Structures are given as C-alpha cells and as structure tokens.
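The values are calculated or read from the model by the stated rules, or taken from the named source; none is laboratory data. A quick note: this is a predicted structure, and the numbers were derived from the prediction, not measured. For neighbour counting, all protein chains shown are included, and Cβ atoms are generated from backbone atoms with ideal geometry for every residue, glycine included. Note: accessible area is taken over every heavy atom of the protein model, side chains too, but ligands, DNA and RNA are not part of it. Shrake-Rupley method; radii C 1.70, N 1.55, O 1.52, S 1.80 Å.
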Amino acid sequence: MAELENVFDDNEAIATAPGDIPLPMVRERIAAQAHQFRHDNTIWPFAPQPSEPVEIWATSGVEMPLDRAEVWFTTDGRLPDANAHKLPMTIQTVEWEAGAGYLSRWHAVLPGQVGGTAVRYKIAGWQAGRAADAPPDLFAHDGQGFWYPVDDETGIQTFAYYVEPDEPVGPAWMHEAVIYHIFLDRFHPGTGDGRFSPEIDKADHHARNGGTLRGVTQSLPYLAELGINCIWLSPLGLADTYHRYDTKDLFAIDPELGSEADLHELVAQAHARGIRVILDFVPSHCSWKHPAFLAAQADPNAESASWFVFYEHPDDYRCFLGRAKLLPSFDTNDPAGRQHICDAAVYWLREFGLDGFRLDHAIGHGMDFWVQFRQAVQSANPQAVTIGEATDSPDALRRYRGRLSHVLDFPLATAFRYAFALDLWNVAQLDAFLQSYEAYMATGAARASFLDNHDMNRFLFMAGNDVNRLKLAALCQFTLAPTPVIYYGTEVGLSQAVNKDQAGSGGDHHVRAQMPWQPENWDQELLTFYRRLVQLRRTLPALQRGTRTRLHVDAATQTYAYARMWEGETACPEPAEGAVALFNLSDNEQIIPLANAETYECLLSTGQQPEFVEGGVKVGMGTAVLIVNRK
C-alpha cells in the first residue's frame, strides 16, 4: 500500500508489509486471553481428509469463567445457529501462560465428513448459573491478526474448514514454478525501447509512470530467456493511485494500463511460452470512491450498506488498519459483500484464463471467508494458486492450510536479510532458524519465498549494494523448499538511493523504480547468474521437492552446508540424485567437510569455482556453491 505510512514503529521489522503484526501486539493479544473466550482457528488437522474427525479447541480466561460450551456446526453451507448440529465441549486442561494467567482449554471432536464438504461452525459459551435452555452468553471470537479486540458480532465469530476432496486439487505446478513479480506502473511502458516518458515528474512520489499491459507482453521474450514460468501482476483495477490497491471496481481494468483485449493477449502469449499469469487481487478493502461504498454512505438502507461496517454513519467506518479512511474495509461477515468479491475472482479466472491470485492483506478476512473463496476459485480453475499476504505470526500462518494454497514467507525473508544482508546472524543462527521454522511450518500451508517486494527496501540496498551478498541470499532462497519469487529488476541489479522508511509519505516509490530496459544498465554477470539459478530450480527435482538435511555448520569458520534429497517417482529422471548447497561466509578460503567430495561437480558458484579435495570442498571466501553427485 503505497500511500500508507508505517502504522507501527518496530525496529526489528526488516521484512514487513503494511498490516504486519509487530511483536508487542502479539504479546498484547496473548494477554487478552485472560478476559476473552477465543477460538484462533485452532483445529487439527488443518486440512482434514475425507471421513477424518477434526479436533476443535477454544480458550477461556480466568476473567471470563464459563460453565459450559458447545460447537454449533453445519455441513450444507448454512450459517450455524441454534438449529445447527451441536456437540458439547469439555475442558481438557488448564494451563498458565505469562501475561494471560490461567487458561481453560475447551475441546470437542467433530465427526468426519465426505470430501469437498465445507464445515462452518460457531462456539457458544455459557457462564455459571444459566438455565439449560438459556441462549448463549457469548460466542468465541477469532484472535488472529488484528481481530483479537473485536469480541462482538462485528468481529469474527463464524469459522470454517474444508474437507479435502477425494481426488487432490490445487496447483501442483507450483513445485516447479519460479515467479516473477511485476509492479505494472514501473515495469514497461510499451515503447519500442522500454523507455519511460521523460516528462514524468520524478519528484512526485505519487505520480504514475506509465507502465502498461502491452509493455509486459513486449517483455515476454526477456522473461522467457530469464527462465521464469509464472508472472505475478500487481493490481490492474480502476483506481486513483499508481499502485492500484484502492480499486473502484473489482471487475474493471484501469484504461491507463490497457484494455481487456490487452490482458487477453498478454495471457495468451504468456501461456504460449509456458508462462502462467497470476493477479494481485485485493479482497480486503476498496477505494472510498467505490460506487458500493458511496451508496452505503449516502443511504444506510442501500443494497450495499451491509458490505461495510459503520460505527457511526456515514463517516465513522471500519477501514484498512483502522486509520486509512481512503480504504474502507469489506465486512468479512456479510454474505452479499462476500459474494461480490468471490464473483470478481471467478470473473478474472474464467474470462481471462488467469492461473490464480496473490491475495493482499489476507488477515483482513476470517477463515470462513477463505473457505468460501477457495470453493469459488476451484470451481473456476481447480489448479489455480492462492498466495496469501498473511502478515502474522508463524502459528497463524500455519492455519491457512486448507484455506489458501500458499502464504508469502515473511519470516524467511527476514532471515535472509539477517544472515546475508545485515550480518545480524551467523551461519549457526541461520541454521537454528531453518531447522526449527521448517519443522514448525511443515504442517501448514505451502510457502512462497522472496528477498524483496514492493513494500520493503530492496535486498540489494539493504546489503549496501553488495551484489555478492545478493547472490548468496538468492542461492539460499532457490535451494530451499518454498517456491521462489523474484521482484522485478533484482536480477539486473536494480537498487535504490534512499531508505523508503526515511523518505516520508510515498517513500515506497523508491523501491518501485522504473525497470531499466537498456542492457548497458544491467549487471550482466548478475543476470547470467540468475538465469542459471532459475534453470537449476526448474530442472532439479531435488530442489523442487526434496527433503532438506543439514550436513555441516560451523559458526567459527562461518561455513554451512545442507542437502536436498528427493526419493523420486517413476516418472522422475535420476530419482536417486540430490543437490548440496555450501556456504562460506568468512573472509578466508575454507574447506567444508563432505564425504566422497571427489564424486561431485559444481553447477553454480556465486564466486570462484570450488575445488574438490580429499574429505571436503574448498570454497572461496564469501562464496556459495551448488553441487551434485553425478557418480
């Protein structure tokens, strides 16, 4: 969101986005459990298989004593109410948590359902002394994201999960994908040489620079040579800003970007080259000039009035982050507003043949919405990808499994910066993070990794414009499990001159510079490196699906090694092969131990070529290499 200033002052927020949950707020929402009845989408399993029972957990604090609780649930799409199926909950344990005190953990097990069932549920609670036939005193509410203070019906009190179909659906192609993130206004204007108009006022950080859909189509040969096989387009809807996260019509294309015919042509030509196209879709909020919002402001009885939450009509309403009045939030609970959003998503998939979405500010909606959204998307394209910008703590990220296919990996992006750009971590700290984080996230949604994006300082800038540090981080990124994303221009050394966080209003402009299309302005060596890295990711099954195993870590010598091994499938070539990534982040040449090193060969190095010696691999200072055993 370009026009929003940082909402929170968090000095450790190295890789964030507007709407990121800072650590003090995480602590606050933990402490809030003391006086709340909460269900933070705590179920197991997250994505149940057909006929598999599901455990439901809720929490009440000592300042909110409850005598009994029930799960009300439906399996036919209806909103759960007093006429729904009911199951009693029991207190399984009482725990003590710093800041929150004693917490009662309520538990129930819902019966298994047939594949493809959406189970919607609410959790009712009664305080002591209430008659058996009395209505509930309260319902458990969602405490994830920014929702934890909203404990009434305007918050999230209806939850859902989806029983996986008998036949697997979803974007299996993401295992082999390398995504290229395009910020439309700054990428390519459609001119013959890619040059932007010299008349653009570069001092105006909010000015449109003139990138177009035809410009993206014109760049497809370059992208095909880079090797990527999926492009992610920033929002293209009718809007007032250059970033277009403030749409005035979820179904329209901003004419300054192009026409419907231009998008059809882009998708057709991309698909012909084996490149998928996904769209940055904004389901959380819209422009205050959206006709539906204007109608709701003008008349509280308007058909679209229920799409929004008005605290005091017409000027006090729920909006993005609680303070961006230019961006009124859609009411996550309203059936009509939801349907409008889902219809729009289906429209883009069916009308233009898009391959999925990056979903802005995913924490703006609850899981009941996301289950409905998943069903709508899969009805239009069963292989569509849904990548959520879920800027929350890792425990919350895991719970998107079964609702979204992927989440953007902000914790990993921070780790890349700590280890490779800022020298805040040594290799032992990086390894400790990866070992714990990968194990913890293994049961969650799949992830998409990135080094930088349109909301944060570019990695190269953070690394002091040291291209070698960028190469080190990129090699690590492409040799870990998450699907890698390249932010436009990173591959040719595009950087920035000013820290966006110190540039005032519109500071994001600095991380959204015009893409240079003159080869003399490219770092050709870096581009060659990225082309090879993309090729290896796309051709080595071990990098796409392999299990990662630490082989070596030594903080004293700043050396690190891990293997990605893939057991293989019948159709998988060379199923017994793996790949090994070795890192020497020290200022001296180092020998990294590796059994049978002489049987390996180097596929890529960020610097000088390694030497295979007895007992190990000699790796140059500040160098990472990717090797394979061909014996």
- Query: Within region 269-288, which residues are over 17 Å from Ala345 (Cα atoms) and either open to solvent by 60 Å² or more (accessible area, probe 1.4 Å) or β-branched (Val, Ile, Thr) (or both)?
  - Reply: Gln269, His271, Ala272, Arg273, Ile275, Trp288
- Message: Of the conditions (1) in contact with a Leu (Cβ under 8 Å, 6 or more places away or on another chain); (2) among the hydroxyl-bearing types (Ser, Thr, Tyr); (3) open to solvent by 50 Å² or more (accessible area, probe 1.4 Å), Thr539 satisfies every one except a single condition; which number is it?
- Response: (1)
- region 169-276: strands (runs of 3 or more DSSP E) wholly inside it with 2 or more residues that are without any contact (Cβ under 8 Å) to a residue 60 or more places away in the chain are 230-233, 247-249
- Message: Which residue is surrounded by the fewest Cβ atoms within 10 Å (Cβ to Cβ), if the candidates are limited to region 464-497 and must be under 14 Å from Val511 (Cβ atoms) and among the aliphatic types (A, V, I, L, M)?
- Response: Ala497
- Query: in contact with a Leu (Cβ under 6 Å, 6 or more places away or on another chain) and under 19 Å from Thr59 (Cα atoms) - does that describe any residue in region 132-150?
  - Reply: no
- Note on the structure: Checked against (1) over 30 Å from Leu404 (Cβ atoms); (2) crowded, with 16+ Cβ neighbours inside 10 Å, Asp193 satisfies every condition except (2)
- Message: Against the definition (surrounded by fewer than 21 Cβ atoms within 10 Å (Cβ to Cβ) and of a type in the set (Val, Ile, Thr)), how does Thr559 come out, yes or no?
- Response: no
- Task: Return a yes/no flag: does region 245-252 have any residue that is open to solvent by 10 Å² or more (accessible area, probe 1.4 Å), over 26 Å from Ala172 (Cα atoms) and of a type in the set (Phe, Trp, Tyr).
- Result: yes
- Would you confirm whether any residue within region 442-456 is more than 30 Å from Tyr245 (Cβ to Cβ), without any contact (Cβ under 8 Å) to a residue 60 or more places away in the chain and open to solvent by 10 Å² or more (accessible area, probe 1.4 Å)? yes
- Note on the structure: Condition set at pLDDT 95 or above and among the small types (Gly, Ala, Ser), scope region 144-163, selection farthest from the chain's Cα centre (by Cα): answer is Gly155
- Residue, modelled with the highest pLDDT, within region 505-530, restricted to residues that are touching an Asp or Glu at 6+ places or on another chain (Cβ under 8 Å) and loosely packed, with under 15 Cβ neighbours inside 10 Å: Gln518
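Yes/no per residue for (1) more than 19 Å from Ile43 (Cα to Cα); (2) crowded, with 21+ Cβ neighbours inside 10 Å; (3) touching a Phe, Trp or Tyr at 6+ places or on another chain (Cβ under 6 Å):
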position	(1), (2), (3)
Pro149	yes, no, no
Phe159	no, yes, yes
Glu164	no, no, no
Met174	yes, yes, no
Leu184	yes, yes, no
Ser197	yes, no, no
- Note on the structure: In region 601-629, residues that are farther than 26 Å from Ala463 by Cα, open to solvent by 40 Å² or more (accessible area, probe 1.4 Å) and touching a strand residue (DSSP E or B) at 6+ places or on another chain (Cβ under 7 Å) total 5
- Going through region 387-399 one residue at a time, which ones are free of Cβ contacts under 8 Å to residues at least 60 places away in the same chain and open to solvent by less than 10 Å² (accessible area, probe 1.4 Å)? Gly388, Ala390, Leu397
- Could you tell me which of the residues Gln339, Gln297, Gln375 is free of Cβ contacts under 8 Å to residues at least 24 places away in the same chain and under 30 Å from His271 (Cβ atoms)? Gln339
- Within region 109-120, is even one residue surrounded by fewer than 15 Cβ atoms within 10 Å (Cβ to Cβ), modelled with pLDDT of 95 or more, touching a His at 6+ places or on another chain (Cβ under 7 Å) and farther than 27 Å from Tyr311 by Cβ? no
